[in-house]
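Asks: After the structure tokens below, expect a handful of questions from me.
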Amino acid sequence: MRRRDREETRAEEIVKVIRDCDCCRLGLVDTDGLAYIVPLNFAFVETGEPYGTFYFHGAGEGRKIELAAVQKRASFELDTAHEAVAGEKACAHSFNFRSVMGKGDVTVVTDETEKMTALQALMLDNTGRETRDIPTAALAGIGIIKLAITEWSCKIHK
């Protein structure tokens, strides 16, 4: 990171930034070798490791599931607290934000128990409510992507 004065390294502060975000961009590589970046809602689960795990959901088939199934690594980015700051002169403007980006090991979850755990985490993170009434029959058509974070960086500009 070029601007070390804006770097946040404390895990608890990085987790706060993640929790304040409502969209995570998952970065995969498509079959042409180009970046395939998809914005997704997510659940973030603290694992007790230095980092944590993201869960994303969607249809059980399609481009992102296909790419995640064949790749071992992926990247991610989240940002929030956007605020344009007008300067007095041209080129003196700025932009406040808080962001987290990183890499991790990506897998498609097939185990029903882990799928259920991921869906419950997604429901809690996205609705604020716990749920235990997800029909087991629905699991077959739902795709869950797991991103176990292996590195991250956080930048705060305020």
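The values are calculated or read from the model by the stated rules, or taken from the named source; none is laboratory data. On a predicted model such as this, the values are computed, not experimentally measured, just so you know. Quick reminder, even Gly has a Cβ in these numbers, built from the backbone with ideal geometry, and neighbours come from all protein chains shown.
Asks: So in segment 38-74, with the set limited to residues that are of a type in the set (A, V, I, L, M) and in a helix (DSSP H, G or I), which one is surrounded by the fewest Cβ atoms within 10 Å (Cβ to Cβ)? Walk me through how you get there before you give the answer.
Replies: We begin by selecting, within segment 38-74, every residue of a type in the set (A, V, I, L, M); these are 38, 40, 43, 45, 59, 65, 67-70, 74.
From the residues that got through so far, the ones that are in a helix (DSSP H, G or I) too are 65, 67-70.
Details: I65: 16, L67: 20, A68: 24, A69: 13, V70: 11.
Only one residue tops the list, namely V70.
Asks: May I pose another question? Looking at this structure, is K146 surrounded by 18 or more Cβ atoms within 10 Å (Cβ to Cβ), under 28 Å from A35 (Cα atoms) and out of contact with any Asp or Glu (no Cβ under 8 Å at 6 or more places or on another chain)? Give the steps one after another, and end with the answer.
Replies: Working: surrounded by 18 or more Cβ atoms within 10 Å (Cβ to Cβ): yes; under 28 Å from A35 (Cα atoms): yes; out of contact with any Asp or Glu (no Cβ under 8 Å at 6 or more places or on another chain): no.
When the stated conditions are applied, K146 does not pass them.
Asks: Going by the conditions given, is R98 surrounded by 11 or more Cβ atoms within 10 Å (Cβ to Cβ) and under 22 Å from K155 (Cβ atoms)? Can you show your working first?
Replies: On the way: surrounded by 11 or more Cβ atoms within 10 Å (Cβ to Cβ): yes; under 22 Å from K155 (Cβ atoms): yes.
When the stated conditions are applied, R98 passes them.
Asks: Going through K103, K115 one at a time, which residue ends up being closer than 19 Å to I65 by Cα, of a type in the set (K, R) and assigned to a helix (DSSP H, G or I)?
Replies: None of the other options fit; the residue is K115.
Asks: Can you tell which of E83, E66, E49 is over 21 Å from D125 (Cβ atoms) and out of contact with any Lys or Arg (no Cβ under 9 Å at 6 or more places or on another chain)? Steps first, please.
Replies: Numbers: E83 fails: out of contact with any Lys or Arg (no Cβ under 9 Å at 6 or more places or on another chain); E49 fails: over 21 Å from D125 (Cβ atoms).
Residue meeting the stated conditions: E66.
Asks: When the residues of segment 125-152 are filtered to those that are over 27 Å from V15 (Cα atoms) and among the small types (G, A, S), which remaining residue is farthest from the chain's Cα centre (by Cα)?
Replies: A137
Asks: Right, next: Does V85 meet the test of being among the hydrophobic types (A, V, I, L, M, F, W, C), in contact with a strand residue (DSSP E or B) (Cβ under 7 Å, 6 or more places away or on another chain) and either surrounded by 10 or more Cβ atoms within 10 Å (Cβ to Cβ) or closer than 10 Å to L147 by Cα (or both)?
Replies: Details: among the hydrophobic types (A, V, I, L, M, F, W, C): yes; in contact with a strand residue (DSSP E or B) (Cβ under 7 Å, 6 or more places away or on another chain): yes; either surrounded by 10 or more Cβ atoms within 10 Å (Cβ to Cβ) or closer than 10 Å to L147 by Cα (or both): yes.
Yes, satisfied.
Asks: Out of the residues in segment 60-90 that are free of Cβ contacts under 8 Å to residues at least 24 places away in the same chain and among the β-branched types (V, I, T), state the one that is farthest from K16 (Cα to Cα).
Replies: Filtering first and then ranking leaves V70.
Asks: Which residue pairs have Cβ atoms under 8 Å apart, sit 6 or more places apart or on different chains, and have a first residue in segment 91-107 that is among the aromatic types (F, W, Y) and a second that is surrounded by 12 or more Cβ atoms within 10 Å (Cβ to Cβ) and at pLDDT 95 or above?
Replies: Hits for this filter: F97/D79; F97/T80; F97/K155; F97/I156.
Asks: Return the pair list, or none, for Cβ contacts closer than 8 Å from residues in segment 36-59 that are at pLDDT below 95 to residues that are among the polar types (S, T, N, Q) and buried (at least 18 other Cβ atoms within 10 Å of the Cβ), at least 6 apart or on different chains.
Replies: T47/T53
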